[in-house]
1. Restricting attention to the stretch 37-68, and to residues there that are free of Cβ contacts under 8 Å to residues at least 24 places away in the same chain and in a loop (DSSP other than H, G, I, E, B), which single residue is farthest from Gln237 (Cα to Cα)?
2. Would the stretch 234-250 turn up any residue that is of a type in the set (Val, Ile, Thr) and surrounded by fewer than 15 Cβ atoms within 10 Å (Cβ to Cβ)?
3. Check off (1) surrounded by fewer than 18 Cβ atoms within 10 Å (Cβ to Cβ); (2) over 27 Å from the mean Cα position of the chain (by Cα) for Ile46 and give me the number that stays unchecked.
4. Answer yes or no: is there a residue in the stretch 111-118 that is in contact with a helix residue (DSSP H, G or I) (Cβ under 8 Å, 6 or more places away or on another chain), in a strand (DSSP E or B) and not assigned by TED's automatic domain parsing to the domain that holds Val18.
5. Looking at Pro155 and the list (1) surrounded by 13 or more Cβ atoms within 10 Å (Cβ to Cβ); (2) under 21 Å from Leu222 (Cα atoms), which single condition is not satisfied?
6. Could we say that Ser200 is polar (S, T, N, Q), on the phi < 0 side of the Ramachandran plot, modelled with pLDDT of 95 or more and loosely packed, with under 15 Cβ neighbours inside 10 Å here?
7. Among the listed residues Lys248, Lys220, Lys190, which satisfies the condition of being touching an Asp or Glu at 6+ places or on another chain (Cβ under 7 Å) and either of a type in the set (Lys, Arg) or in a helix (DSSP H, G or I) (or both)?
Amino acid sequence: MHIIKTFAKFFISLIVLVMCVLAAAHYTGHDKRTYIALQPTDTIHIASRSFTAEKLAHQYKPEMYLRPNTSTPPLKWVWYEATPNDSTIDLTYHFAWEDEINPNKTLHIFYSMFRAAYYGYPLYDIEYFQVNVNKKNGLVQSLRFETGPDDNYFPTVVKHIKVNVDRSDDGNYYCGNTLSAPIFDSMHVKAGVQTWNHLSRLLDKNVAAEYSLLQNAPLKFLTDEDFSKYKFVRKSQGDHFTSEDKTKFYLYTIVLILGALATLWHILDFKTNFDILNNWFRKGK
């Protein structure tokens with residue numbers, strides 16, 4: 001009976017230590033954006049024409065489609081950023097879904113707890129889709145997003161694969177050395193929700209008919225305040241990114257764990273329990 005109580009105490013201690021790490025994650029990750037994001041009213045010159053950043057973001061906003069036989073929490077809105085580059089204006093769209101639902105209900109519960117601590121609450125699922133616009137001709141020069149290994153919408157665990165699609169001098173688009181044939185509605189590239197956690201895929205003529213439900217949501221500028229509030233440093237990012245300074249996270253973790261250990265040492269009488277475990281192992285030998 002003593003040995004069972006001892007193991008139970010150590011198990012409780014392990015849970016407490018995990019909670020300390022999650023608490024440290026909850027209170028950190030609010031780093032500020034370190035790259036340039038043009039304000040909505042800033043002027044951008046594309047192909048001898050002038051646009052505000054907001055108008056340009058509307059003009060190139062991707063169209064995101066869902067398959068009728070796949071369900072998802074609703075798309076709430078789409079944030080955008082406009083970042084100037086040497087030969088392009090890079091428009092990064094962040095699709096904000098109300099939540100993501102893992103098909104494994106048990107995993108969904110534990111993963112939601114982790115997401116609430118690490119990524120923040122509410123449990124928005126935010127995925128990026130980057131559209132780089134050529135300054136000289138206004139054409140889409142490249143696309144950046146994350147996809148999965150295949151079109152299976154319901155895998156329990158999904159591998160995130162970064163995709164780079166670039167326009168060549170011959171006018172075609174290539175993903176590495178593979179020819180890609182994205183579909184555009186004017187300048188709006190058509191994309192599909194590939195998995196339950198909202199990874200994307202480009203639509204081509206072979207699969208476009210399967211993805212028939214257009215997901216509409218308002219477009220709004222990603223402010224510095226929202227970037228920090230929603231912990232964008234911990235989310236998937238495109239060519240322009242901010243790396244998290246983990247100093248606070250490590251400091252908070254150490255302080256909370258040391259405090260928890262000091263408290264547990266007295267409450268659970270660890271010295272006595274260590275002696276019980278030591279005697280138990282000796283008898284086992």
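The values are calculated or read from the model by the stated rules, or taken from the named source; none is laboratory data. For clarity, every value in this text was computed on a predicted model and none was experimentally measured. Here Cβ is always computed from backbone atoms with ideal geometry, including for glycine, and neighbour counts include all displayed protein chains.
1. Filtering first and then ranking leaves Ser48.
2. If we filter the stretch 234-250 for residues that are of a type in the set (Val, Ile, Thr), which is where we start, we get 242, 247.
Now restrict to residues that are surrounded by fewer than 15 Cβ atoms within 10 Å (Cβ to Cβ): 247.
There is at least one residue in the stretch 234-250 that is of a type in the set (Val, Ile, Thr) and surrounded by fewer than 15 Cβ atoms within 10 Å (Cβ to Cβ).
3. (1)
4. Within the stretch 111-118, the subset in contact with a helix residue (DSSP H, G or I) (Cβ under 8 Å, 6 or more places away or on another chain) is 113-114, 116-118.
In the following step, the residues that additionally are in a strand (DSSP E or B) were identified as none.
No, because not a single residue in the stretch 111-118 is in contact with a helix residue (DSSP H, G or I) (Cβ under 8 Å, 6 or more places away or on another chain), in a strand (DSSP E or B) and not assigned by TED's automatic domain parsing to the domain that holds Val18.
5. Of (1) surrounded by 13 or more Cβ atoms within 10 Å (Cβ to Cβ); (2) under 21 Å from Leu222 (Cα atoms), only one is false for Pro155: (2).
6. Taking the combined requirement at face value, the residue does not satisfy it.
7. One residue alone meets the criteria, Lys190.
The rows are residues; the columns are (1) in a helix (DSSP H, G or I); (2) farther than 19 Å from Gln237 by Cα.
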site: Leu107; (1), (2): yes, yes
site: Glu127; (1), (2): no, no
site: Glu146; (1), (2): no, no
site: Asp151; (1), (2): no, yes
site: His198; (1), (2): no, no
site: Asn216; (1), (2): no, yes
